[in-house]
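What follows is a set of notes on a single structure, which appears directly below.
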Amino acid sequence: MVENKYSDIEGIRKKWDEHAKRYDKWYETFEGAVEHYVDWEILKGYLPQNRDAKILDAAGGTGRITLPLAKMGYSVTLCDISPEMLNVAKQKLLRERVLDKVEIMECDVCKLRFADESFDFVLCWDGMIEAAKELIRVTKKGGRISIFLMNKFGAAISKFRKDPDSALDLLRTEPSYISHDEEKHRAVSVEEARRLFETERVRVIDIYAVCGWLDVFNIPKKILESREWDEKLFKQVTEMVLRLSKEPSVKGMSRHLVLYGERI
Ligand SMILES: C[S@@+](CC[C@H](N)C(=O)[O-])C[C@H]1O[C@@H](n2cnc3c(N)ncnc32)[C@H](O)[C@@H]1O
């Protein structure tokens, strides 16, 4: 499995602290709302039936997913490296009167301070395969895991217009890494992801193409960035993305994948 090495954890914390107040704003745009809708539609199908289940939202940021989970009655542990992202989450949970359902903790997902097999469901939506070992360790046997991964093919396609050399490097080198600001994460293909998790006691249930690929539909930037939209278009786009997200022949086009698995 991939080693959990970081070049600049302080830099990552600072970057997200500075971004905290703006983070949720993007989800108010057409593009952000489509992404959130699709993320949630897929996640819903995997949540534990039992509302007493313990869920870890690792690198959960401003609680985009923790908040609806807490409203559904789950007990959630929200952890993140950025105190400012967590602070935004805390204010939202307070406003919605569900703070008592959530434990908030500042920590690095690669060094989780939980005992083995602590959670029924573990999600980490930050494209960080480096944290996988730790995330698997804290998932109960029979529990589920959901992790965002950088998809090397989708990333190469989207990079090519601006920087053909580094786009090609992603495909030429093995393993390949994507650098963005202070962060550098390993990018994988759908099949590599499947293999990596299956060698770590995870039965892969499915892998979806989830975000960063609205470019392929050629929707004008003005619409993608707009905060008001035509509901019919929203429904058409979300249905399109959901249908394609499950289609093996096109999964490689999206910049991110989300893997769902069961800890065995
Ligand atoms: C793109 S945001 C995603 C937030 C949330 N998962 C969501 O889907 O809305 C990335 C988050 O990962 C956090 N993060 C980055 N590296 C981390 C690390 N090593 N440990 C814990 N959190 C980390 C950042 O602080 C930020 O809140």
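Determine which single condition Leu67 fails, assuming it passes every other condition in (1) within 13 Å of the ligand (Cβ to nearest atom); (2) in contact with a helix residue (DSSP H, G or I) (Cβ under 9 Å, 6 or more places away or on another chain); (3) in a helix (DSSP H, G or I); (4) touching a residue at least 40 places away in the same chain (Cβ under 8 Å).
(4)
Find the residue count for region 137-154, including only residues that are in contact with a Lys or Arg (Cβ under 6 Å, 6 or more places away or on another chain) and not in a strand (DSSP E or B).
Final tally of qualifying residues: 1.
Considering each of Ala59, Ala89, Ala70 in turn, give the residue that is at pLDDT 95 or above, touching a Gly at 6+ places or on another chain (Cβ under 7 Å) and either over 25 Å from Val210 (Cβ atoms) or surrounded by 22 or more Cβ atoms within 10 Å (Cβ to Cβ) (or both). Let's see the steps before the verdict.
Values: Ala59 fails: touching a Gly at 6+ places or on another chain (Cβ under 7 Å); Ala70 fails: touching a Gly at 6+ places or on another chain (Cβ under 7 Å).
Of the residues listed, the single one that is at pLDDT 95 or above, touching a Gly at 6+ places or on another chain (Cβ under 7 Å) and either over 25 Å from Val210 (Cβ atoms) or surrounded by 22 or more Cβ atoms within 10 Å (Cβ to Cβ) (or both) is Ala89.
Might you check whether a residue that is surrounded by 14 or more Cβ atoms within 10 Å (Cβ to Cβ), touching a Ser or Thr at 6+ places or on another chain (Cβ under 6 Å), farther than 19 Å from Val34 by Cβ and among the β-branched types (Val, Ile, Thr) occurs anywhere in region 196-213?
No, there is no match, as no residue in region 196-213 is surrounded by 14 or more Cβ atoms within 10 Å (Cβ to Cβ), touching a Ser or Thr at 6+ places or on another chain (Cβ under 6 Å), farther than 19 Å from Val34 by Cβ and among the β-branched types (Val, Ile, Thr).
I'd like to check something: does region 184-195 contain any residue that is of a type in the set (Val, Ile, Thr) and assigned to a helix (DSSP H, G or I)?
yes
Tally time: how many residues in region 10-31 are more than 9 Å from the ligand (Cβ to nearest atom), buried (at least 19 other Cβ atoms within 10 Å of the Cβ) and within 17 Å of the chain's Cα centre (by Cα)?
Of the residues in region 10-31, 1 are more than 9 Å from the ligand (Cβ to nearest atom), buried (at least 19 other Cβ atoms within 10 Å of the Cβ) and within 17 Å of the chain's Cα centre (by Cα).
Conditions tested, residue by residue: (1) at pLDDT below 90; (2) away from the ligand (no atom under 13 Å from the Cβ); (3) of a type outside the set (Ser, Thr, Tyr); (4) surrounded by fewer than 19 Cβ atoms within 10 Å (Cβ to Cβ).
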| residue | (1), (2), (3), (4) |
| --- | --- |
| Glu103 | no, yes, yes, yes |
| Glu106 | no, no, yes, yes |
| Val122 | no, no, yes, no |
| Ile136 | no, yes, yes, no |
| Thr139 | no, yes, no, no |
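Conditions (1) in a helix (DSSP H, G or I); (2) in contact (Cβ under 8 Å) with a residue 60 or more places away in the chain; (3) under 26 Å from Val204 (Cα atoms), marked per residue:
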site	(1), (2), (3)
Leu94	yes, no, no
Asp100	yes, no, no
Ala115	no, no, yes
Asp120	no, yes, yes
Asp126	no, yes, yes
Glu134	yes, yes, yes
Ala156	yes, no, yes
Lys159	yes, no, no
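Given the conditions (1) touching a residue at least 24 places away in the same chain (Cβ under 8 Å); (2) more than 26 Å from Ser75 (Cα to Cα), and given that Leu168 satisfies all but one, which numbered condition is not satisfied?
Among (1) touching a residue at least 24 places away in the same chain (Cβ under 8 Å); (2) more than 26 Å from Ser75 (Cα to Cα), the lone unmet condition for Leu168 is (1).
Any residue in region 32-45 that is surrounded by 18 or more Cβ atoms within 10 Å (Cβ to Cβ) sitting within a Cβ distance under 6 Å of a residue that is acidic (Asp, Glu) and at pLDDT 95 or above? List the pairs, counting only those 6 or more apart or interchain.
Every condition considered, no pair remains.
The values are calculated or read from the model by the stated rules, or taken from the named source; none is laboratory data. The structure displayed is predicted, hence computed values, not measured ones. All Cβ positions, even for glycine, are placed from backbone atoms using ideal geometry, and neighbour counts span all protein chains on display.
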